[in-house]
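The values are calculated or read from the model by the stated rules, or taken from the named source; none is laboratory data. Everything numeric here is computed off the predicted structure, so don't read it as measured data. Neighbour counts are summed over all protein chains in view; Cβ atoms, including those assigned to glycine, are modelled from backbone coordinates with ideal geometry.
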Amino acid sequence: MVSMNMVQALNSAMDVMLGRNEDVLIFGEDVGYFGGVFRATDQLQRKYGVTRCFDTPIGEGGIVAVAIGMAAYGLRPVVEIQFADYIYPAFDQLVSEAARIRYRSAGDFTVPMTVRTPYGGGIFGGQTHSQSPEALFTHVTGLKTVVPSTPYDAKGLLISAIEDEDPVIFLEPKRIYNGPFDGYHDRPVQPWSKHPASQVPEGYYTVPLGKANVVREGGDVTVLAYGTMVHVAQAAARDAGIDAEVIDLRTLIPLDIETIVQSVEKTGRCVVVHEATLTSGFGAELTALVQEHCFYHLEAPVERVAGWDTPYPHAFEWQYFPGPKRIGEAMRRVMEG
Amino acid sequence: MVSMNMVQALNSAMDVMLGRNEDVLIFGEDVGYFGGVFRATDQLQRKYGVTRCFDTPIGEGGIVAVAIGMAAYGLRPVVEIQFADYIYPAFDQLVSEAARIRYRSAGDFTVPMTVRTPYGGGIFGGQTHSQSPEALFTHVTGLKTVVPSTPYDAKGLLISAIEDEDPVIFLEPKRIYNGPFDGYHDRPVQPWSKHPASQVPEGYYTVPLGKANVVREGGDVTVLAYGTMVHVAQAAARDAGIDAEVIDLRTLIPLDIETIVQSVEKTGRCVVVHEATLTSGFGAELTALVQEHCFYHLEAPVERVAGWDTPYPHAFEWQYFPGPKRIGEAMRRVMEG
Amino acid sequence: MKNRKALSLRIPEPVSRPGDKPDFSKIAVPEAGTVRKPPIDTRANEAMDLANGLIRVLNRKGEAVGAWDPKLDPETLRRGLKTMILTRAYDDRMFRAQRQGKTSFYMKCTGEEAIAIAQAFALERDDMCFPSYRQQGLLIARGYPLVQMMNQVYSNAADPLKGRQLPIMYSSKAHGFFTISGNLGTQFPQAVGWAMASAYKGDDRIAATWIGDGTTAEGDFHQALNFASVYRAPVILNVVNNQWAISSYQGFAGGEEATFAARGLGYGIPGLRVDGNDFLAVFAVTQWAAERARSNLGPTLIELYTYRVEGHSTSDDPSRYRPSEEAKAWPLGDPVIRLKDHLIHLGEWSEERHEAAEKEAMDEVRAANTEASAIGTLGSGKAPSAREMFEGVYKDMPWHLRRQRQQSGV
Amino acid sequence: MKNRKALSLRIPEPVSRPGDKPDFSKIAVPEAGTVRKPPIDTRANEAMDLANGLIRVLNRKGEAVGAWDPKLDPETLRRGLKTMILTRAYDDRMFRAQRQGKTSFYMKCTGEEAIAIAQAFALERDDMCFPSYRQQGLLIARGYPLVQMMNQVYSNAADPLKGRQLPIMYSSKAHGFFTISGNLGTQFPQAVGWAMASAYKGDDRIAATWIGDGTTAEGDFHQALNFASVYRAPVILNVVNNQWAISSYQGFAGGEEATFAARGLGYGIPGLRVDGNDFLAVFAVTQWAAERARSNLGPTLIELYTYRVEGHSTSDDPSRYRPSEEAKAWPLGDPVIRLKDHLIHLGEWSEERHEAAEKEAMDEVRAANTEASAIGTLGSGKAPSAREMFEGVYKDMPWHLRRQRQQSGV
Ligand SMILES: Cc1ncc(C[n+]2csc(CCOP(=O)(O)OP(=O)(O)O)c2C)c(N)n1
Ligand SMILES: Cc1ncc(C[n+]2csc(CCOP(=O)(O)OP(=O)(O)O)c2C)c(N)n1
Ligand SMILES: [Mg+2]
Ligand SMILES: [Mg+2]
């Protein structure tokens, strides 16, 4: 075990997989010589050569299409989209192609491809470096959607994604690349090294897709979160002094419904948190599922705490961000409900 | 008033607007000389000339981008995407541009553009001529999303959309272009002429965006639907002999929450219906909203009846389609709940 | 710059519309054998003449002339001809099947048979094809059973795609035929990725892909050319210019401003423009491009100049937007007749043998159709199990799909 | 075809990397004045030499030579020079402001000033610009107040974009400057749409748009060229080839396989390749393209050949991926110095006047900065009201945003 931040853990996952399987290729904008604008592919080109890890033209649609073709050949491409905000030019290839090729060809062709992309706000990136588009992918059957919240999970989940036989959208919460940001933007951020989940094995291991993680046990209210919000939710519970059970979903599709239902049946109350805009966000699906599965256990309506339905506004980052205060208030409302 | 089917009503809306406002232009693949693969723009080029209604290259991204540029100039472009399944190449221009230009330029530039596109299944079109992608657009703030269910509404809503100062995604349920299909695929379809809402004024009128329509009053259960499903839901209620209140949403964003809440507070039960795949469909948002607003009135969990989470399968059209039987069963379950 | 002139918007319009006499006078048809054949390592900007000209081998007398004559033996030519005849017979039968209500949809390749078939002949059997929907000839040339194609078109119990796909959207990895997409153009850059993978692995198989004139307007076309150029992918990029995209003539794809072959030049990709109704010319340019790819010299763009003789699909009625006599006026003729004439000219074929071949093809199609129809057609006979609807979305079915399958009662 | 050779994958690599000596020996720099100037109705395939050559006016001695010399009067040249100096001073100040924590982000255009500014001079004041993020020179040339630009960069209470946009993503309709997008390339086809609208209305204004070498790889680039070609839109399509896209050299955009100007040829759009550091040459080609557009002859593609002297943005450190001395080795020099030398050569300028102009620019920038900073900078001083976060998503605020605003307590 060594201490890693999330970028190092992701780098280590790719390093391990490049070493184990020569069918793994890494490419994307600035990922080759430079090692990626967030350094996630640092040193990989030097270590494995230019044909294993390389730069691409700035054409996200082309990047994903080429990866699909490679996957159809039998490789396991891992591509980076520099910011999730720039994934839309590849949307057709993801939705109409990657997600459907297994189905429409009756298994004749498959797309074991991983699309890594940093997402989320909190870095003053303005509306085009801050988006959280996960809900869109969860509506597209045939794709899996994964969001890690710690270095340990990031590495283990990324290896699982690379080994998965289906296309995986791997969303990396960039706000916590360097430390488990808890939503208090005016306090110094702890580095990952102080967090137990920064202890990461150097070699191969996996964290399975489709399994949530109860990161804080509690009896009064269930909080469903993923990515950066896992840490914010924990801070909120701590500071509100509420006996909240915080569940880190880790994989949105396929979802670990069992862990969710178990918890909500116990607590009878539920708050759903995400940074993406509220309307038709993944919180809507979670809310719908919770009320479908646990209706007769619910003592109050499920509350959603989410980004407002506006583009991510540069100067109003912290009024926009669903921080511990808003989450704490929601927990309290749900407890009173 | 004359009797029109939905295609004729849409054609009439464009005819009226081309006549009233020379800033209105119509373009898209095959919409010019030919009049559109569904004939929605039939005769418009002949009547208004090739610069008012014309064909385009097969580049949906280009079509929408060019429309945005025209709208920024001051025109009111109305573009057709031949099938909603083919809107994804334009996704970036819709999501990153059309939806955000007013906001990011602080009103300096705006995009009064309408994107018409036939959507939905029931025509044996297989997975690439049957999709219902509305949920994706409802997650994108800055866009409005409209779905008519009758000729009268289609014309009035389309005129409102063209006159709206913001970009509107106008989804046309192609299964009911020619008649109010009620989900019984093995029975002959009634033509629109037998339906009262086929009586359409020849000239200008509007149906406002953001207003739902209670198409069937009832006291026992509220059914939320739009497009084709409005007719299927009515048939289901009739045949299940349930005193259901069926609400035709007509506009998904902005949603008429008042009409919904009023009804659910009265009935205490709610079924949400759409043809799109279930997970993260717009039904999730509706369910979340209903339980948020009406939790203490609800006597049973809100049920969603939707397309299965698979691509639209050619041979299993009617096993896939959420027909009157499935809706009826859901209503009954909700009544018992 | 005061008193500037008013601008005006130009909308392209075709030469003739229904009611007009078909007019192809604007189309230059150079003599066969006049275009030079450069070495395969020619650079794009040294090959402008090939992108703007028209490579033709078969002349009006049915002779094969010029540097591009691939000098195929008569046996190969006869196989080519028979495969074209079979493809046309298959198309006719399936079109009728749709009209009879046996399926929902069909698309013919009438007039374009030489393209897929000569190209299949010029490629190696294990080269990988990423076709659009009008290259059924590839499958037939590679020996994919007709009855399997029909099972797919009928979505019956033996449909290899299990009822999931629209008719004609075939897939057969075993025949090097990538699953066809309903979304135009997506296969073009995918083929580049496949070719890059083959190059990465030190494999010796190349990729080929096809796109329509209309579809060159999609962003995917640009992605394909750009990635292929940057990584010198061993891929053949084919544009089938059949003059029409549903009702839109190729002027709406920019075909009047430059040839489609010329699109390659800006990416440093040589473009070859070829008479798509000339079996020998199509074979020869494909062979040239394949040799180039196999020699690590990178991609070639081929424009196959042809004409869509029939409607776009069974849903289309072309008489609404073009003169109905246009197909007959098409100056490059019929690929079947042109190869037939050539073989007769060589003394290797006759009207009688041709008629016999047509009958044989019809019999083969009829037999296959009897077999497929006996299994089932759309909505009657044996259909795939509706459980197939839920299978194969993912490798392993997740809980939510299992739950939905239960709810569906299938 | 048995015993076929193994393929191999080619990945482009630049000539030099950190630690290497900068090497521009592969870059051909033709003498100024050697490229011909054809009439504006020249067709794309008659203008290949212009797409592959390099149009230059200023020679090494500071003389203006050849057919492309726009023969600008000294007063205009001085205004051009001063605008470049002001732009550079502005960039330097704002870069420092970011380092001082006064804002989150900044992007310079150092070394590329001639492009936006000469082009603004060649266009009419009411022609519409769809820029990328490196054409701040357009705004400055058109007299947009520096203090307004700074207010935007600082997201302060006077920010015309109300704190909603990332710094440098300016918008000013009044100055014919379209709202900059963070998503690369989207503006390119939008400009074509604007130009089509202008043509449709019989207006006399044309559009111009800018894109980076790296961004030509986006599908939007293809959409723009294709639509512009088909409808002969009155638009100038500019590719700013500054050799780099963040850390990726232009070989990853296909720049080694063909020039970016050559991309136009396949669409029938004439391409002009111009020395982007030569104020006069940039002015002249822009004027040529504008005249073409105004005469309903359609689009022109211009490749502006230049070098990104500084890092990509304040978030970038170029010494990690290119030799740090590369900028100094750039063979086309510095646009400011080249125009300065020309004016001195003409006897219309001097070292003293230049120094004074620099000081004047610095003073102007300083004054504006004092004014803007007094209002506020990111996170300190007066900020826009947080209510602005909810305004302007739609023309009229829908209920759900009103409700959210209430919940937010702003
Ligand atoms: C992305 C997308 N846009 C539109 C369509 C609808 N469509 C199907 S075929 C076609 C015409 C294609 O023409 P072309 O590329 O010339 O091919 P051809 O049919 O002539 O072989 C159109 C517009 C589609 N299938 N996919
Ligand atoms: C669609 C999209 N993809 C990626 C990015 C990230 N990005 C911002 S600038 C840039 C490089 C652009 O290079 P170039 O087009 O050459 O312009 P330059 O910066 O050199 O002016 C990249 C990759 C983006 N903003 N948008
Ligand atoms: Mg075609
Ligand atoms: Mg650049």
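So here's what we get for this one:
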| read-out | value |
| --- | --- |
| Residue count, the range D:360-389 (criterion: buried (at least 21 other Cβ atoms within 10 Å of the Cβ) and within 14 Å of chain B (Cβ to nearest Cβ)) | 3 |
| Within the range D:292-312, considering residues that are under 13 Å from D:A261 (Cβ atoms) and not β-branched (V, I, T), the one farthest from ligand 2 (Cβ to nearest atom) | D:P299 |
| Sole residue being surrounded by fewer than 24 Cβ atoms within 10 Å (Cβ to Cβ), modelled with pLDDT of 95 or more, within 29 Å of D:G202 (Cβ to Cβ) and in contact with a Pro (Cβ under 7 Å, 6 or more places away or on another chain), chosen from B:R76, B:R52 | B:R76 |
| Hey, A:V147 within 12 Å of the chain's Cα centre (by Cα) and of a type in the set (V, I, T) or not | yes |
| Residues of the range D:242-253 satisfying the condition of being over 21 Å from D:D275 (Cβ atoms) and more than 7 Å from ligand 2 (Cβ to nearest atom) | D:S247, D:S248, D:F252 |
| Pick from the range B:41-62, criterion in contact with a strand residue (DSSP E or B) (Cβ under 7 Å, 6 or more places away or on another chain) and not basic (K, R), ranking: farthest from C:A245 (Cα to Cα) | B:L44 |
| Residue within the range C:343-354 that is buried (at least 21 other Cβ atoms within 10 Å of the Cβ), closer than 30 Å to C:P30 by Cα, of a type in the set (V, I, T) and touching a residue at least 24 places away in the same chain (Cβ under 8 Å) present | no |
| Matching residues in the range C:183-206 - criterion: being closer than 30 Å to C:E256 by Cβ, in contact (Cβ under 8 Å) with a residue 24 or more places away in the chain and not β-branched (V, I, T) | C:L184, C:G185, C:Q187, C:F188, C:P189, C:Q190, C:A191 |
| Residues that are more than 16 Å from ligand 3 (Cβ to nearest atom) and part of a strand (DSSP E or B), drawn from the range C:205-230 | C:A207, C:A208 |
| Residue in the range B:120-140 that is nearest to B:L209 (Cα to Cα), counting only those that are in a loop (DSSP other than H, G, I, E, B) and in contact with a Lys or Arg (Cβ under 8 Å, 6 or more places away or on another chain) | B:G120 |
| Those residues of the range D:271-296 which are buried (at least 24 other Cβ atoms within 10 Å of the Cβ), among the charged types (D, E, K, R) and not in a loop (DSSP other than H, G, I, E, B), in sequence order | D:R273, D:D275 |
| Residue identified as within 12 Å of ligand 3 (Cβ to nearest atom), away from chain D (no Cβ under 12 Å) and closer than 21 Å to C:E112 by Cβ among C:Y249, C:Y307 | C:Y307 |
| Residue list for the range D:191-224, filter: more than 16 Å from ligand 4 (Cβ to nearest atom), touching a Ser or Thr at 6+ places or on another chain (Cβ under 8 Å) and within 26 Å of A:V64 (Cα to Cα) | D:A224 |
| All positions within the range D:28-46 that are crowded, with 16+ Cβ neighbours inside 10 Å and modelled with pLDDT under 95 | D:N45 |
| Single unsatisfied condition, A:Y103 versus (1) within 16 Å of ligand 1 (Cβ to nearest atom); (2) within 16 Å of C:F178 (Cα to Cα); (3) touching a Pro at 6+ places or on another chain (Cβ under 6 Å) | (1) |
| Filter pass, B:F54 being more than 15 Å from A:G61 (Cβ to Cβ) and either outside any helix (DSSP H, G or I) or more than 8 Å from chain D (Cβ to nearest Cβ) (or both) | yes |
| Residue count for the range A:264-290, restricted to those that are without any contact (Cβ under 8 Å) to a residue 24 or more places away in the chain and over 24 Å from the mean Cα position of the chain (by Cα) | 0 |
| Candidates C:D69, C:D20 - the one that is farther than 29 Å from C:R263 by Cα, not aromatic (F, W, Y) and not in a helix (DSSP H, G or I) | C:D20 |
| Index of the failed condition, C:Q223 passing every other in (1) touching a helix residue (DSSP H, G or I) at 6+ places or on another chain (Cβ under 8 Å); (2) polar (S, T, N, Q); (3) more than 16 Å from ligand 2 (Cβ to nearest atom) | (3) |
| Any hit, the range D:188-196, residues being out of contact with any strand residue (DSSP E or B) (no Cβ under 7 Å at 6 or more places or on another chain), within 13 Å of chain C (Cβ to nearest Cβ), of a type in the set (V, I, T) and assigned to a helix (DSSP H, G or I) | no |
| Every residue from the range A:11-23 that is aliphatic (A, V, I, L, M) and over 21 Å from the mean Cα position of the chain (by Cα) | A:L18 |
| Filter result for A:N11 (surrounded by fewer than 20 Cβ atoms within 10 Å (Cβ to Cβ) and not aliphatic (A, V, I, L, M)) | no |
| D:P160 being more than 12 Å from chain A (Cβ to nearest Cβ), farther than 20 Å from D:R338 by Cα and crowded, with 24+ Cβ neighbours inside 10 Å | no |
| Subset tally (residues that are assigned to a helix (DSSP H, G or I) and within 13 Å of chain B (Cβ to nearest Cβ)) for the range C:312-331 | 3 |
| Which listed residue is at pLDDT 95 or above, within 14 Å of ligand 1 (Cβ to nearest atom) and either in contact with a Ser or Thr (Cβ under 7 Å, 6 or more places away or on another chain) or not assigned by TED's automatic domain parsing to the domain that holds B:V115 (or both), from B:I63, B:I26 | B:I63 |
| Criterion (of a type outside the set (F, W, Y), on the phi < 0 side of the Ramachandran plot and more than 10 Å from chain C (Cβ to nearest Cβ)) met by exactly one of A:V78, A:V64 | A:V78 |
| Inter-residue pairs, beta-carbon under 8 Å, first at the interface with chain C (Cβ under 9 Å from one of its Cβ atoms) and in the range D:41-52, second among the β-branched types (V, I, T), 6+ apart | D:A44/D:I269; D:A51/D:T259; D:N52/D:T259 |
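Yes/no per residue for (1) farther than 28 Å from A:Q45 by Cα; (2) of a type in the set (V, I, T):
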{"position": "D:Q250", "(1), (2)": "no, no"}
{"position": "D:A253", "(1), (2)": "no, no"}
{"position": "D:G264", "(1), (2)": "yes, no"}
{"position": "D:D278", "(1), (2)": "yes, no"}
{"position": "D:V282", "(1), (2)": "yes, yes"}
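Conditions (1) modelled with pLDDT of 95 or more; (2) assigned to a loop (DSSP other than H, G, I, E, B); (3) in contact with a His (Cβ under 9 Å, 6 or more places away or on another chain); (4) over 30 Å from C:G163 (Cβ atoms), marked per residue:
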| position | (1), (2), (3), (4) |
| --- | --- |
| B:S96 | yes, no, no, yes |
| B:A106 | yes, yes, no, yes |
| B:V111 | yes, yes, no, yes |
| B:G142 | yes, yes, no, yes |
| B:S149 | yes, yes, yes, no |
| B:S193 | yes, no, no, yes |
